[in-house]
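Contents: one structure, followed by commentary.
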């Protein structure tokens, strides 16, 4: 990591720390939602952008994390214990789902995960004695951190920011580990990766399970944020929204999910001044972006930078050498 990148990261963290100061509760709540969806989108980016597998069940893993946390905290279990159990549960379910599902690839896997998301939604809605059914669960307490309560939206924002930074660091470490290099090799050329000795199915399954665990962490944070959860919050439409975040931001780029989550969560709020036209403008901007830059905003930024930066051209007379 270069010095410039370190400086930009420090400046970005400083902006995140200062962003909610002086803002109303709704703005702080929206910023916190962006942090949570960024965590979940980071997990999906590992599965899609680095391992090259399409998943339409990320919202389902958020639902697993949310309901596990809700049931445990309502029973008096501390949030940190419930969150760890949520992450573990999502990781385990990711392994169980991925083991048979990853026998198929790409769009076939997308259909399997789509079916799982729908199945989980039906289970959450029909098991009323456990999940509350369509009425959901309400009244989950917010955690206290070192004796400091997070009842206010501002305090909870900083708590979510700390979790977001930890999750981002863990993802950064994974991507720079041998696992991360293996994931990239699978995405670029699975046949060549297998010829080099990589266990394709095992590595893909690991990426899927780790991405699911990130979804579980996001769900564990969503529970105390909204203090009300119901099955519709984790329906297929939300998995599609998470997929849009990864694609718009730039699949396979570290900061892509964060930028994509900002576009999907924050841009509609910025366009509210257009009243009834904001959804039309928002959809048009997304379509234009996907047409002219399929690699997302990060990919578009790389293209512009490569075109604008000065190029060092070699002397033409040096190609043929000096001739008399």
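The values are calculated or read from the model by the stated rules, or taken from the named source; none is laboratory data. As the structure is a prediction and not an experimental result, all values here were calculated from the model. Cβ sites come from the backbone with ideal geometry, for glycine too, and all protein chains shown count toward neighbours.
Just one of 125, 187, 142 is in contact (Cβ under 8 Å) with a residue 24 or more places away in the chain and in contact with a strand residue (DSSP E or B) (Cβ under 8 Å, 6 or more places away or on another chain); which is it?
That would be 142, the only listed residue that is in contact (Cβ under 8 Å) with a residue 24 or more places away in the chain and in contact with a strand residue (DSSP E or B) (Cβ under 8 Å, 6 or more places away or on another chain).
Does residue 77 satisfy the condition of being surrounded by fewer than 24 Cβ atoms within 10 Å (Cβ to Cβ), more than 25 Å from residue 108 (Cα to Cα), modelled with pLDDT under 95 and in contact with a helix residue (DSSP H, G or I) (Cβ under 9 Å, 6 or more places away or on another chain)?
yes
Scan (1) closer than 28 Å to residue 108 by Cβ; (2) under 14 Å from the mean Cα position of the chain (by Cα); (3) buried (at least 24 other Cβ atoms within 10 Å of the Cβ) for the single condition residue 54 breaks and write down its number.
Residue 54 satisfies every listed condition except (3).
Of all residues in region 159-174, which are crowded, with 18+ Cβ neighbours inside 10 Å and without any contact (Cβ under 8 Å) to a residue 24 or more places away in the chain?
The answer is 159, and nothing else.
Could you pull out the residue among 14, 60, 66 that is part of a helix (DSSP H, G or I) and touching a strand residue (DSSP E or B) at 6+ places or on another chain (Cβ under 6 Å)?
The match here is 66.
Check region 224-237 and report whether any residue there is crowded, with 21+ Cβ neighbours inside 10 Å, more than 16 Å from residue 60 (Cβ to Cβ) and modelled with pLDDT of 90 or more.
Scanning region 224-237, I find at least one residue that is crowded, with 21+ Cβ neighbours inside 10 Å, more than 16 Å from residue 60 (Cβ to Cβ) and modelled with pLDDT of 90 or more, so the answer is yes.
Here's the yes/no breakdown for (1) within 26 Å of residue 53 (Cβ to Cβ); (2) at pLDDT 90 or above; (3) in contact with a strand residue (DSSP E or B) (Cβ under 7 Å, 6 or more places away or on another chain); (4) in a helix (DSSP H, G or I):
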| site | (1), (2), (3), (4) |
| --- | --- |
| 81 | no, yes, no, yes |
| 87 | yes, yes, no, yes |
| 90 | yes, yes, no, yes |
| 94 | yes, yes, no, yes |
| 97 | yes, no, no, yes |
| 100 | yes, no, no, yes |
| 103 | yes, no, no, no |
| 110 | yes, no, no, yes |
| 119 | yes, yes, no, yes |
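Considering only residues that are touching a helix residue (DSSP H, G or I) at 6+ places or on another chain (Cβ under 8 Å) and outside any loop (DSSP other than H, G, I, E, B), look in region 136-157 and name the one that is surrounded by the most Cβ atoms within 10 Å (Cβ to Cβ).
Per the stated criteria, the residue is 157.
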